[in-house]
Each structure stands twice: as structure tokens, then as C-alpha cells.
Amino acid sequence: SVWLRADVGLLLKRVARRNNRPLLKQGDPAEIMTRLRDERYPVYAQADITVDSTDAPHEEIVDAIITALQGYFSDP
């Protein structure tokens, strides 16, 4: 599995573009996102591959994922 890890600030910026996140409507979005991150990180951290997602163009993130996958599958 691949975990696209991003910081809370970036996640909030991304979810602000859409209005389809009911969990974030139940209070302060930053507090909710931080709580969800803290709850979910232990599960996400079990991924075989972790790629840091940034505000870079999608193509750069895809390239980073492909590079990580190639490294993962080329290891003996």
C-alpha cells in the first residue's frame, strides 16, 4: 500500500476547495483534521511505501510515487 502523507495545513487547503466533507462541518476544521490525523496516522504508517505529498504539481507527486514503487519492487 502507498500512503500519501501531507501536513494538516495542506489537507485543509485541499478540502476547502469542495463542500463535501461532512465531518469537517461539525466544528473547527483544523481541530477536526488534527484529531483525525492523530487517530489515523498509526494505521496509515503501516503502509509499505510513504510518499510526502506537497503543494507541487500532480505530475511531480505521481513521479515520486512511481519512483518509490520502482524502488520497493526492485529490492530483493
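General observations
- In this structure, residue 56 does not satisfy being outside any helix (DSSP H, G or I), touching a Phe, Trp or Tyr at 6+ places or on another chain (Cβ under 6 Å) and loosely packed, with under 14 Cβ neighbours inside 10 Å.
- Total residues in region 1-29 satisfying the condition of being closer than 23 Å to residue 61 by Cβ, among the aliphatic types (A, V, I, L, M) and part of a helix (DSSP H, G or I): the figure is 6.
- Counted residues, region 24-76 - those being β-branched (Val, Ile, Thr) and free of Cβ contacts under 8 Å to residues at least 40 places away in the same chain: 6
- Region 1-53 - residue that is surrounded by 10 or more Cβ atoms within 10 Å (Cβ to Cβ) and among the β-branched types (Val, Ile, Thr) and, of those, farthest from residue 65 (Cα to Cα): 32
None of the figures in this text is laboratory data; all of them are computed from the coordinates on show. These figures come from a predicted structure and were not determined experimentally. Cβ atoms come from the backbone with ideal geometry, glycine included; neighbour counts cover every protein chain shown.
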